[in-house]
1. Do you know which residues across the stretch 234-272 are part of a loop (DSSP other than H, G, I, E, B) and more than 22 Å from the chain's Cα centre (by Cα)?
2. Of all residues in the stretch 48-65, how many are in contact (Cβ under 8 Å) with a residue 40 or more places away in the chain and within 16 Å of MET118 (Cβ to Cβ)?
3. So which of LEU57, LEU36, LEU28 ends up being modelled with pLDDT of 95 or more, in contact with a helix residue (DSSP H, G or I) (Cβ under 6 Å, 6 or more places away or on another chain), assigned to a helix (DSSP H, G or I) and crowded, with 17+ Cβ neighbours inside 10 Å?
4. Would you point out the residue of the stretch 75-99, among those that are without any contact (Cβ under 8 Å) to a residue 40 or more places away in the chain and surrounded by fewer than 22 Cβ atoms within 10 Å (Cβ to Cβ), that is nearest to GLN45 (Cα to Cα)?
5. Since PHE269 meets every condition but one in (1) at pLDDT 85 or above; (2) in contact with a Gly (Cβ under 7 Å, 6 or more places away or on another chain), which condition does it not meet?
6. Test ARG433 against the stated conditions and say whether it is touching a residue at least 40 places away in the same chain (Cβ under 8 Å) and within 15 Å of the chain's Cα centre (by Cα).
7. Please tell me if ASP177 is without any contact (Cβ under 8 Å) to a residue 40 or more places away in the chain and assigned to a helix (DSSP H, G or I).
8. How many residues, within the stretch 183-202, are within 13 Å of PRO251 (Cα to Cα), small (Gly, Ala, Ser) and touching a helix residue (DSSP H, G or I) at 6+ places or on another chain (Cβ under 8 Å)?
Amino acid sequence: MPRATVSLGHNSGTLQKDHTHDDQFDELVRAIQARLDRVLNTYGQKLFTTRIPEDALWQAFLNGVPAEQRQYHTCNCCKGFVRRFGGLVAIGEAGDQHSAFWSNTDVPAIYLPAIREMHAIVDAAPVDGVFVNDVRTWGIPEAGGFTHFAVRVPAAMVHRNTYNNAAHQVMAQKRQDFGTLQHGLADFDRELLGQAMTILTADAVKRSEKFIAPTQFLLDLHAARGSSRGSRANNLVWRAVASAPVGFCTPRSGMIGTLLEDLASGMSFESVRSRWNAKVHPLAYQRPQAAPTAGNVAAAEKLFAEMGLAPSLERRYARFEELPREEFFWLQPMSRGRDAPGDAGLFGDVVRRSVARSVGIELPLTNITWRRFNETVLPNAIKIEVLIEPKMHFYGLLTASDPEAPPILRWDREDRRNPFSWFLYAGGSSPDRWALRAGAWVNVPGVLRAPAVWNGMKDETFQMRAMFVLEGAHNTGNAHLNLFPEMLRSELHPVRSTIEAYNATRHPSGAAQGTANGLLIGGREDRHRLRVTTELGQATYHVDRWE
């Protein structure tokens, strides 16, 4: 508040400067920032709106300061802050809510009655939304020479507005998700969800790994709510909605809902499995089965023009040297030297000769899970080879032809670019399609994570795979762009039928130059034979499951 001898609109009248009071108000502003910092550190960086009658908080503030000071504190800037942000709360793990700004302690004595009343109002108000904002500074710190209520939030809390995904639109979607999730929890109890989880974790149906996380999300929320009732139970749902990945809050409209409904109907397991497997077939899952309408094509044209996404539809095969080194589980020592010849060092050739030499001992075939292979074998590997079978899950790795093209994939971000995507042929493909030969051992320059989890992103629906780059593998067929709906930005889902039709008539370029293709390992039905050379010898491993 005051930092000048004239009000300039801060107060309703002209008041003389009171240095003592200025210091107390500055102390209050610092206390509000400190309170927010503590709340965010304790309960996480998600805040929630509450339902409070308009100006009730502001009136509580004015009523709480001494009568002779009320005119002094009548300020539109501060009133605007209290109106927009004053009712925000954080929610704890037990559903308890905590005012983001107003504390019962650590404020100047002159403001304590006002802040206590504001704290009581906020803590008792029902939560009615997830708060999303697109700026770091909330409020106006200073205007006209006066200090006002304002805080600064961490950069991670600032929402990046995109087409059809502005802050107010996200808030509206979260309110809708809350209602949908409440209905889903009522419709699907813990026992039914437990049956579904048993089926999924046992790998009893195809592509089960994609649906374990959303099912666990519902189970965890049921457990967290326990016997809670009223506002705490609702708060726990709001807390879950705030951080839930896309699709987790709408169980009835997704694959999990169909599984739960089939189980609830008393269907035999064979019928449940048959229906499920048909729905998740790669040629059917989330993919439009009918040609796009003229209206959908027109909507797609408009959407792509407004988002500037036309260049993003140009795709090409990726090259090994383009892949980020931090995303590899393992890199072959030779590859490091070959890909960066200037960094090979004085003794770089020693590594090459050590790999090329004959091994002293060869161990028999060992069955092993991928997880154990990753933890115990990869750290000591000098060379890895894969035995090529007549049919395997070979993948092609694609990227944007124009590195400056806007993100089109759900894991690509303007501030953390990752335009890579992958594709496989349904049911696997023959090695000759990839310029490989069945029965041959093929060198592996590197083993990396699937692009969906690069940059530390968490996407459990794509996590259970390891990509073994195969030397010399390139697609000799005529693949499509393979921009599948489950890979696209959420803003593009309304026009996915048009994208699907476009996808079927276009092809990525640079097939012969693509050197990042290989073999996807970790699937339920996969069996892979890997020959690993270390400094001590050579062993052959049969990777037969993920863990």
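The values are calculated or read from the model by the stated rules, or taken from the named source; none is laboratory data. Only a predicted model underlies this, so the values are computations on that prediction, with no experimental measurement involved. Cβ sites come from the backbone with ideal geometry, for glycine too, and all protein chains shown count toward neighbours.
1. Here is the first cut: in the stretch 234-272, the residues part of a loop (DSSP other than H, G, I, E, B) are 244-250, 254, 265-268.
Those that are part of a loop (DSSP other than H, G, I, E, B) and more than 22 Å from the chain's Cα centre (by Cα): SER265, GLY266, MET267, SER268.
2. Going through the stretch 48-65, the residues in contact (Cβ under 8 Å) with a residue 40 or more places away in the chain turn out to be 48-52, 56-57, 60-65.
Okay, now just the ones that are also within 16 Å of MET118 (Cβ to Cβ), so 49-52, 56-57, 60-65.
The total comes to 12.
3. Details: LEU36 fails: in contact with a helix residue (DSSP H, G or I) (Cβ under 6 Å, 6 or more places away or on another chain); LEU28 fails: modelled with pLDDT of 95 or more.
None of the others qualify; the one that does is LEU57.
4. It comes out as ARG83.
5. Here PHE269 meets the rest and fails (2).
6. Details: touching a residue at least 40 places away in the same chain (Cβ under 8 Å): yes; within 15 Å of the chain's Cα centre (by Cα): no.
Considered against the rule, which asks whether it is touching a residue at least 40 places away in the same chain (Cβ under 8 Å) and within 15 Å of the chain's Cα centre (by Cα), ARG433 comes out as no.
7. Working: without any contact (Cβ under 8 Å) to a residue 40 or more places away in the chain: no; assigned to a helix (DSSP H, G or I): yes.
No.
8. Of the residues in that region, 2 qualify.
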